[in-house]
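Let me begin by presenting the structure, written as C-alpha cells, before commenting on it.
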Amino acid sequence: MSTPALVLSGLEKSFAGVRAIRNLSFTVPKGRATALIGPNGAGKTTVFNLVSGVYGVDGGSIHVNGTDVTRLPSRRRIRAGVARSFQNIRLMPHLSVLENLLVGQHVRASSLAALLTPYRIIPNHRWKREARAALEESGLGQYADETVGALPYGVRKRIDLVRATLAGADVLMLDEPAAGLNPSETNALRDHLNALAARGLTLLIVEHDMHFVDSICENVVVLNFGEKIAEGRLSDVRKDPKVREAYIGTDEE
Amino acid sequence: MSGYLTGVLVVLSFNIMAAYAVYLPLAAGQLNLGIAGFMAIGAYAAAYLTNELGWSLWTAIPAGSAAAGLVGLIIGIPVLRTHGIYLALATFALGQVIAAIFLNLDVVGAAAGYPVATYAAPPVVFAATAGVVLVMLLLSRTRYALYLTAVKSDPTVADLMGISVRGIQVSAFALGAAVAGFGGAFYAHHYSFIEAQHFNVLLSVFTVLYVLFGGVQTVWGPLAGAIFFTLVPEVLRASDQWRYALFAFFIIIFMALRPQGLVTASLFRVFRRKPGAAA
Amino acid sequence: ADDELVLGYMMAKSGPYVSLANTNEIAVDLAVEEINAKGGINGKKIKVVKFDTAGDPKQATTALRRFAEDDSALAVIGPFSSSEVRTTFPVGERSGIAQMSMASSAPGLTKGFSYGFRNTTDEGIVLDQVMTSIKDKKLPAASGAAAYATDDVVSKSIGTLVVPKLFEKYSVPMKGSVDFQLAAFDLSPQVSKLKEMAPDIVGLGSPPEGAVNLAKELKRQGVSTRVIGGTTIADPELPKRMDGAGENLTIGTTFFPEVNDKTKAFAAEFGKRTKAAGLPRTEPNQMDAAVYDIVYLYAEAMKRAAVTGDKAKLVAERTGVRDALAKMKDFEALEGKISFRDGDAVKPVYILEVKGGKWTLLDTRMPE
Amino acid sequence: MTAARRGAAPSMLTQQIINGLMLGAIYMLVAVAFTLAIGVLNFLNFSLPGLFMLGGMAAFGFLKLGWPFLVAAGGALLIAAFVSLLVERLAYRRMQGGDPEVPLVSSLGFLVLLENLVLIRYGSDQQAFPALFPDMNLRIGGLVVGIAQMVSLAISLALVAWLSWFLRTTNTGRRIRTVAESRETALLMGINIQSLVPQLFVASALLAALGGLLFAVNYQQVSPFMGEGIGFKGVAAMIIGGMGSIWGAVIGGLLIGLAEVLSISLIGADVVNITVYGLLLAILILRPQGLFGRPPAREKL
Amino acid sequence: MALLEVSGLEVAYGRVNALRGVDLRVEEGQIVTVLGANGAGKSTLLRAILGAVPPKAGGIAFAGRDVTREPPHARIGGGLVLVPEGRRILISLSVEENLLLGAHMRADTQKVRTEMDAIYDRFPNLAERRHMLASCLSGGEQQMLAIGRAMLAKPRLMMLDEPSLGLSPLFVSKLFDLIRELNRDGLSVLLVEQNTGKALACAHHATVLELGRVVMAGDPATLAADPRLQEAYLGEGSHAQAQHA
Ligand SMILES: Nc1ncnc2c1ncn2[C@@H]1O[C@H](COP(=O)(O)OP(=O)(O)OP(=O)(O)O)[C@@H](O)[C@H]1O
Ligand SMILES: Nc1ncnc2c1ncn2[C@@H]1O[C@H](COP(=O)(O)OP(=O)(O)OP(=O)(O)O)[C@@H](O)[C@H]1O
Ligand SMILES: [Mg+2]
Ligand SMILES: [Mg+2]
C-alpha cells in the first residue's frame, strides 16, 4: 500500500480554553475522495486550518505524503503538497480572475527569474496560457479578465476551486465547494471533481450536501465537538444513530 | 531649453523619484510616511562619499541608494510587524527620528547643513529619472508587482498560496527606500546643499499626497500625480498669495469628483477595449 | 528690451518667511522708482523681474536659472534665506551672475564664491556690539546663559558658538544653556531651568517667534533677566507681539527708522505705500532697508562698471558689476556707510532696547 | 549655597513633571479627537490639525472684532463644526469603497486650504492671543501651575470618560462601531449613515477646535500653522495608547508630554524628536497595536 | 393589497444590467421564494428592495407606501429586514453586540432582552459564545447569528438570501421549520435559496429569475413539476426530495 496522502494523529486544538479539536486521528488515502462532515461548529474548518497551518496545533502531528508538516510555516505547506479552498470565499477582489489564478500558481513559479519576468508584456506567456486553459475547462473562460469583486457568489466559489487546483498540489482540501450552487451547477461541480480525482488527485471535502458527498466520496469522517464520532462508507455512517442525532436529523429522506 | 523650464523639470524629476519611492510599498499596502528620512539617508551618504572620501558621482549615488535600501531593510523587518495606520505612524516616527539624527550629526554639518561639492547637471538628473520610471514600468509587468497587490489585498491567503508575505513586504519597503535614497543622492548633488530640515514630515506627506492623487491602481498614477503637483502650482504662480489656497481647493474638488485618483485601472481597460469594439 | 538694465529679484512672498519678507517688494519698487525718476543709470532705466521662491531652495534655483538664462539679468537681488543662498550661490557662480542676499545671516555663506554677496552683518559682530554697549552703560552682567533654537542654522550657531565666546571675551561667567525647537510653543521646561540658573543676561539665538514665547514664559514663571539678541529678532513689532512681556530685551540691528532724516523719510514713504497695499505691517524692518540699499548698491556698481544692458556683452557686464561691488567702500546708503569685505557688508549696528513696550535706541556703533 | 541647591533640584523636577502633564493634556484632547476620526471611522483625518488651528485662530479673529470671549469661542467652535461637515461631504463620503488611504488626500487638501486662508487673512505670523485674566497661574511654594491647563486636563478627562462609556454601551456606540468596521454592512443593518457620520465629524471637530481654543488660552498665541506639530503629536499619542482605546489616548498624551518635557530638561531640545518619536517607534515595534489597543479582529477563514 | 410590490424594477452596475424589469409581489403572511442560477440577479433584487442599490427604473411599494426613493434605514424601520448574502457579521463586535445591533432601532429594551434569550435558546451554539468576538464563529454559526440578528429587528417582511448556506442538514431542517413557524406567527418571507426543493416545499409562491428577468412564476408545486425548471435547477437528486415534500 502506498503512503497515505494525509495522516492526522492525535490532533489537539483549543481556543481560549475551549477544546475545538480533541484527539483527532484519521487518514486520507491517496488518489481518493474523502469527506469530512459534521454539525456546525464541529471543527471541520479548524481541521483545514490546522493542516494548512493557519493555526499551530496544540498537540499531535500532521503528515502530508509521508512528510511531517506539523511545524512547517503555513506558506511552506502548499509546497509540501496540500492546497485548499475557503469556506468564506477569499479571492482578491481587486485583481482580475486571471490574476487570482496566477497568484495560485506561485509555488510552481517562485524562482527569482519567474518573479521578475515581465510576463504581462510577453504575449501568450506560458503561465497565462495555463490559467486560461484551466478556466475554460471549468466553463468560466468568459470571466478571465473580469474583476473578481463584481462576480456572483457561485462563480467566485468556482474560481476559488480552480485557484486551489492550480497550485499543483496533489492533495486538495475543499471547504463546502457546493455551497451556494444550484443543483444543476452542483452537478457540473461533481463532474469537475470526479475528473480531478480521476487524474489521481486526493480530495478531502467538507460538505453539508449529502447527495453530493455520496456521489463523490467513498469514505467519510464524521466530527462532533471536535471529536471523530464515526468513520467509514457514507451509507453505513448514515445509519449510525449518533450521526443521525447530531448531524443528519431524522426527517432526512 | 529655457532656464525656467530646466528648473521646473528638475523639480519634477525629484518629485517623480520620490513618488515611486512611496508607490512601491503602497502597492503592497504600506503607507510610508517616512520617505523623506530615506531620501535624507541617500543624500547624506552619497554626499559624504563624494565630499570626504572623494568617490565619483557614479559610485557614490548607487552607494547612497544602497545605504537607504539597507537601512530600509534592517528597519523594515521590525517595523513591518505593524499594520495599517500603525505602520503609517511608525514610518512617520521613523522619518522624524532619521531627520533628527542628521540634524545632530556633526560630521555632516548638523543643523548648519552640508554643502556638496560634486555637481550633477540637469541632463544627468533627467536621465536618472527616466531610468527609474522605466524600471518601475517593467517591474509593474512582473509577478512581483502582482504579489504586491495580492499581499495588500489578502495577506492571509497570499501566505497560504505559498507567497512569503514578509519577504514581499520587506522587499517592497526596502526597494522604496532605495529609490528614495537614489532620488535623495541626486538631490544632494544637484542642489549642492542639503539640510536635515528639508527632509521633514511635510515632504513625506506631500509625496504621499500626490501619489494618491495620481492614483495607485496603475504605475502611471505616481507619474501623473507628480506632474500635476509640480506644474499646477507653476500655472497658479500668477495668483500670488491665493496660489496654495486655490491649489488645495482644486485638490479637494478634484478628489471629490474622482476619488480613485487621476489614473485608474478602468481608464486603461477602456483604452484596451476600444480596438476590440471597433473590430 | 535693450534700453533697460534688468535685475532679477527673488522674493519670499509666500512660505515660511512671508511675515519678514512680504514688504520687501515695496522697498525694492521704491528704490527703483527713485533711481529711474532721476534718469536711471548710464541713461538707461532699471527694470526688475520678480520671482516668488516661497523661501524654497529648489524654487530659488529655478528663479536664478530663469534670471540668468531667460531674462538676461545683470545681477540678482536675493535670495532671502540662508538655505536658498546655499543652493543658488553655486548656480550663480557657474553662470557668472552676482547675487546679494538681504537676510541670510548664517556665518560664512559667501566663502568660496566670487559672485555671492550679502547685505547683512554677521551675528557674531552684532552681538559683540550689543555686549559692548551693555558694558559701557554698566548694566548688570554678572552671569550669563544662552537660549537658542536647535533646528535653525543661525540660531544654533549663536547659541552654541557666538554667545559662549562672547561671555568669555567679556568675562561673564556662563551658567549654562537651554535650547528649544523652532516650532516649540511651550517653553516652560526651558524657563524652569533658566529660573534655577538665574542669570543676569540670556543670549538668545532665535527667530522672533521664539523670542516672543520665551519672553512670555519668563514673565509667567516670574523670571526677570535681560535677554539679548541679534538681527534675527529685529522685528519692529516685536514689543507689541510680546504683549507686555520682554521688558529690557536688548538687540542689535542694522536699521532703525529714527536715526536721521533719510531714514525717517524712508519710513514715512514706506508706511504710506504699505498701507495703500493693505499690508499688515507698515513699519520697515531691517530687511526692507537692506533690500532698498541693495538696489542702490547695484545701481552704483552698474554705474561704475558702465554697463549698457547690451545682450552681446552680458557676460562681461555681469562680471563688471561683481567687480565694482567687491571694491565698494563707504557707500552712503540708507543704513549708513556700507563697504564689502569678503562678500559681506560692513555697516553700522544700532542697539535697541524695549522700554515701556517700545523699541528705544540705546546706542549706535560703527564696526571696526 | 549647597543646601539651597539641594532644595532646588527636586522642585525643578517637580515643576518639569507638572509642565509635562500640562502639555500632555493638550495632546490628549487632540488625541481623543483623532480617536473619533481614525479609531472610529478608519479615516486618518488630516484636516483635524486644521480644525484645531481654526479653533484658536477664529476665536482670535472674533476677539479682534470685539466680541466677548464666550461668544468668540462659541463662534469658533461653530465654524470648525461647519468646516468638518464640508470635510465629511467632500473628503469622506465620496471616497467610500476605495483604498483606505484615499480620503487622506483631500483631508490634507483641507488642511492646506485652511492654513492658507487663515494666512491670507491674518498673515503667517504668530499672533498674541489676549490673556483672559492678568495671571492665570497658581503659584504654590515656587511651583507654577497654569489654571487653563488644569481646566483642559479636567475637560479632557471628563470627555474621555463619557465617550468611552458611550461607545461601549449605547446603541449609538454600537452603530458607530459598525460603521467603523463596514459601511456596507451598516447600510444593510439600517443605520442612518448619512446622519450618523456627520455627527461624528462634528464631534471630532468640536474636540479638535476646543483643543485649539484651550491651547490659545493657555499659551496666549495662535498662528496658521499651530495645528501641525500638535496634530502629529496628538496622533502619536493616540497610536501609543492604541487606536480606539480612549483611555489609551489619555495615557498616550500624557506620556508624550512627559517624554518631551523631560528630554528637554534632562538632555536638550535637540533630542526631543528622537525621544518622542523614538518612543512611538519602540512602542509600536514591541506592541504593534499600541499599549491598550486590541489586535485587530481578523476574519476567520 | 400586497405587503411588498415590486414593479418593472431595473438595476445596473455600470454597464452590467443585473435586473431588467422584474415584477414581484409578496402578500401579507406569504412565503415567496426566488430561484435562479448564479448571477441571475437574486441578491441584487433583495438589495434593491432594501434600498442598498439604487434602481434605474421601476418602483417598490412596501406596506402600501412607495419606498422607491427612501433610504434603507427608513425601509428597515418599517419592518423590511434582510439576512444578507455572505452573512456580514461584524467581526470586531462580540456575538451579543451583533445581536443587539439587529435591534438598534428599537426602544423596547426589555422586550429585546427576552427575545434575545429566546434566540439563544434556539441557537445554543451562540449562547455558549455570546461574549466572544463574532470573528471566532464557524461558518454555520455565523449564519445563525445573521438570522438571529434579523429576527431581533422586528421584521414584517424578512428577506433571506441563501440562509441555508453552510448549515448542516439537521440545521437546514430546523431553519425551514423556523421559517414556517415565524410565518405562522404572521411574518412574511421573501426567500432566495439554492436548496430549491426545500424552498419550493415551504413557499406559497415561487418566482424564477434568469439573467435579470422573471422567466417563470406561480404555484410552487406546479413549478416543481415543470420540466424546464427540473432540468435547469433541480438535479436528479433533489427531484425526489421535492416530490417527497
Ligand atoms: N479563531 C478562533 N477563535 C476561537 N474559536 C474558534 C476559532 N476558530 C474556530 N473556533 C471555534 O471552534 C469551533 C469549530 O469551528 P469550525 O469553523 O472548525 O467549525 P466547522 O466544523 O467548520 O463548522 P461549519 O460547518 O459551521 O463551518 C467553533 O465552535 C468555533 O467557534
Ligand atoms: N457590485 C457589483 N458590481 C458590478 N456587477 C455586479 C455587482 N454585483 C453583482 N453584479 C452583477 O450582477 C449580476 C447579478 O448578480 P447577483 O449577485 O445579484 O446574482 P445572484 O443571483 O445573487 O447570484 P448567486 O446565486 O451566485 O448569489 C451578475 O452578473 C453580477 O456579475
Ligand atoms: Mg466550516
Ligand atoms: Mg446571490
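Of the solvent-accessible surface of segment C:189-287, computed with a 1.4 Å probe and all protein chains present, 52% belongs to carbon and sulfur.
Can you work out the PRE-style zone for E:Leu182? Point 7 Å along Cα to Cβ, and I want the residues of segment E:65-84 with backbone N under 18 Å. Backbone N within reach: E:75-84. So what's the gap between the Cα centers of segment C:48-101 and segment E:32-60, to the nearest angstrom? One Cα centre to the other: 66 Å. Tell me the label-point distance for the pair B:Asn200, A:Arg199, using the 7 Å Cα-to-Cβ offset, in nm and rounded to one decimal. Between B:Asn200 and A:Arg199, the simple spin-label model gives 6.0 nm. Accessible area per residue for the protein assembly as shown, computed on protein heavy atoms with a 1.4 Å probe, is 36 Å².
Summing Lys, Arg as +1 and Asp, Glu as -1, what charge do residues with Cβ under 13 Å from the Cβ of A:Thr165 carry, A:Thr165 excluded? After counting each charged neighbour, the total is +1. Between B and D, roughly 4000 Å² of accessible area is buried in total, ligands, DNA and RNA not counted and the probe set to 1.4 Å.
Peptide D:177-189 has a mean shielding of 6, counted as Cβ atoms of other protein chains within 10 Å of each residue's Cβ.
For segment C:270-295, backbone nitrogen atoms closer than 18 Å to the point 7 Å from B:Trp242 Cα along Cα-to-C-beta are found at C:277-279. Backbone phi angles across segment B:135-151, fed through the Karplus curve with coefficients 6.51, -1.76 and 1.60 (θ = phi - 60°), yield HN-Hα couplings of 4, 5, 4, 5, 4, 5, 9, 9, 4, 3, 5, 4, 5, 4, 5, 4, 5 Hz in residue order; Gly and Pro are listed as x. Summing charges over all other residues whose Cβ lies under 12 Å from the Cβ of A:Arg108, with Lys and Arg as +1 and Asp and Glu as -1, gives +2. Before rounding to the nearest 500, sum -39500 (n - 2.57) across all DSSP H runs of length at least 4 in the protein assembly as shown and divide by the residue total; then give [θ] at 222 nm in deg cm²/dmol. Helix contribution divided over all residues of the protein assembly as shown: -16000 deg cm²/dmol.
Would you jot down the residues in segment C:241-265 that end up with at least 20 Å² less accessible area in the complete protein assembly than in the chain alone, with a 1.4 Å probe? Residues meeting the cut-off: C:Arg241, C:Asp243.
The accessible area of A:Thr147, taken with all protein chains in place and a 1.4 Å probe, comes to roughly 40 Å². Using C-alpha pairs under 8 Å with a sequence gap of at least 6, the mean separation divided by the residue count of chain E gives a relative contact order of 26 percent. Loop-located GluC sites (Glu not before Pro) in segment C:59-157 (DSSP state not H, G, I, E or B) with no more than 14 neighbouring Cβ atoms inside 10 Å do not occur.
With the Kirkwood sum run over all distinct C-alpha pairs, segment A:88-168 has a hydrodynamic radius of 12.8 Å.
With a 1.4 Å probe and all protein chains in place, put A:His211, A:His106 in order of accessible area, largest first.
Descending order: A:His211, A:His106.
Phi-derived couplings, Karplus 6.51 cos²θ - 1.76 cosθ + 1.60 at θ = phi - 60°, listed residue by residue for segment A:190-207: 4, 4, 4, 5, 4, 5, 4, 5, 5, 6, x, 6, 9, 10, 10, 10, 9, 7 Hz, with x used for Gly and Pro. The distance from the alpha carbon centre of segment C:316-334 to that of segment C:199-269 is 33 Å, rounded to a whole number. For the set C:Arg365, D:Arg298, C:Arg226, A:Arg132, solvent exposure ranked by accessible area (probe 1.4 Å, protein chains only) runs largest to smallest as D:Arg298, A:Arg132, C:Arg365, C:Arg226. In whole angstrom, how far apart do the alpha carbon centroids of segment D:129-182 and segment A:156-215 sit? The two parts, judged by their Cα centres, are 58 Å apart. The heavy atoms of E:Arg47 present about 50 square angstrom of accessible area, all protein chains included, probe 1.4 Å. Seen from D:Phe166, the other residues with C-beta closer than 15 Å to its C-beta sum to a net charge of +3, counting Lys and Arg as +1 and Asp and Glu as -1. Tell me whether the protein assembly as shown comes out rounded, prolate or oblate; compute the Cα gyration tensor, take square roots of the eigenvalues as a ≥ b ≥ c, and use a/c under 1.5 as the rounded threshold. Prolate, since a/c reaches 1.5 and a/b exceeds b/c. Close amide H partners of E:Val22, meaning residues 5 or more places away or on another chain with modelled amide H under 5 Å apart, are E:Gly8, E:Leu9, E:Glu10.
With contacts taken as Cα pairs under 8 Å and at least 6 residues apart, chain D reaches a relative contact order of 35 percent.
Computed over the Cα atoms of segment D:14-227, what is the ratio Rg over Rh, Rh following Kirkwood?
Answer for segment D:14-227: 1.01.
Can you give the FRET efficiency to the nearest 0.05 for A:Arg76 and C:Asp261, using r as the Cβ-Cβ distance and R₀ = 60 Å? It comes to 0.10. May I ask you to derive the FRET efficiency for E:Asp66 and E:Asp108 from their Cβ-Cβ distance with R0 = 25 Å, giving the value to the nearest 0.05? In this case the efficiency is close to 0.35. The accessible surface of segment E:1-107, taken with every protein chain in place and a 1.4 Å probe, is 49 percent carbon and sulfur. Protein-only accessible surface at a 1.4 angstrom probe places the residues E:Met158, B:Met1 in the order B:Met1, E:Met158, largest first.
For the chain pair D and E, the buried solvent-accessible surface (1.4 Å probe, both sides summed) amounts to about 2200 Å². Within the assembled protein chains, the solvent-accessible surface assigned to A:His208 is about 20 Å², based on a 1.4 Å probe.
Once R0 is set to 60 Å, what does the formula 1/(1 + (r/R0)^6) return for the Cβ-Cβ distance between C:Lys111 and A:Leu112, expressed as a FRET efficiency to the nearest 0.05? Step by step, r from the Cβ atoms, then E = 0.75.
Once backbone amide H atoms are built at 1.01 Å from N, D:Gln221 has D:Phe129 as its partners under 5 Å, excluding neighbours fewer than 5 places away on the same chain. Element breakdown for segment A:88-168 at a 1.4 angstrom probe: carbon and sulfur atoms account for 52% of the accessible area. Lysine pair count for chain A (Cα-Cα distance under 30 Å; residues 8 or more apart in sequence or on different chains): 20. Amide H to amide H, with H built 1.01 Å from N, C:Lys47 comes under 5 Å of C:Leu5, C:Val6, C:Leu7, counting only residues 5 or more places away or on other chains.
The value of relative contact order for segment E:78-224, using C-alpha pairs under 8 Å at least six residues apart, is 26 percent. If you sort the three axes of the alpha carbon gyration tensor as a ≥ b ≥ c, you get a/c of 1.5 or more for chain B and a/b no higher than b/c, which makes it oblate. When DSSP beta bridges are restricted to pairs lying wholly in the protein assembly as shown, around 50% turn out antiparallel.
Restrict the search to segment C:9-77; then list the trypsin sites (Lys or Arg not before Pro) that DSSP places in a loop and that have at most 16 other Cβ atoms within 10 Å of their Cβ. Taking segment C:9-77 and a limit of 16 other Cβ atoms within 10 Å, the loop trypsin sites (Lys or Arg not before Pro) found are C:Lys38. Using a Gaussian network model of chain B whose springs link C-alpha atoms within less than 10 Å, name the residue from B:Ser266, B:Ser140, B:Ser65 with the highest mean-square fluctuation. Comparing B:Ser266, B:Ser140, B:Ser65 in the GNM, the peak value goes to B:Ser266. Relative to the longest principal axis of the Cα atoms of chain C, the long axis of helix C:286-304 makes an angle of roughly 30 degrees.
For segment C:95-136, applying the loop criterion from DSSP together with a ceiling of 14 other beta carbons within 10 Å to the trypsin sites (Lys or Arg not before Pro) yields C:Lys111.
Comparing the full protein assembly with the isolated chain, the residues of segment B:1-43 losing at least 40 square angstrom of accessible surface (1.4 Å probe) are B:Gly3, B:Tyr4, B:Leu31. Segment D:13-45: which residues show an accessible-area loss of 40 Å² or more, assembly versus chain alone, 1.4 Å probe? SASA drop of 40 Å² or more in segment D:13-45: D:Asn19, D:Leu44.
The values are calculated or read from the model by the stated rules, or taken from the named source; none is laboratory data. This is a predicted model, so every value here is computed, not measured. As a convention, Cβ positions derive from the backbone with ideal geometry for all residues, glycine included, and neighbour counts pool all protein chains shown. In case anyone asks, the SASA skips ligands and DNA or RNA and just uses the protein heavy atoms, side chains included. Shrake-Rupley method; radii C 1.70, N 1.55, O 1.52, S 1.80 Å.
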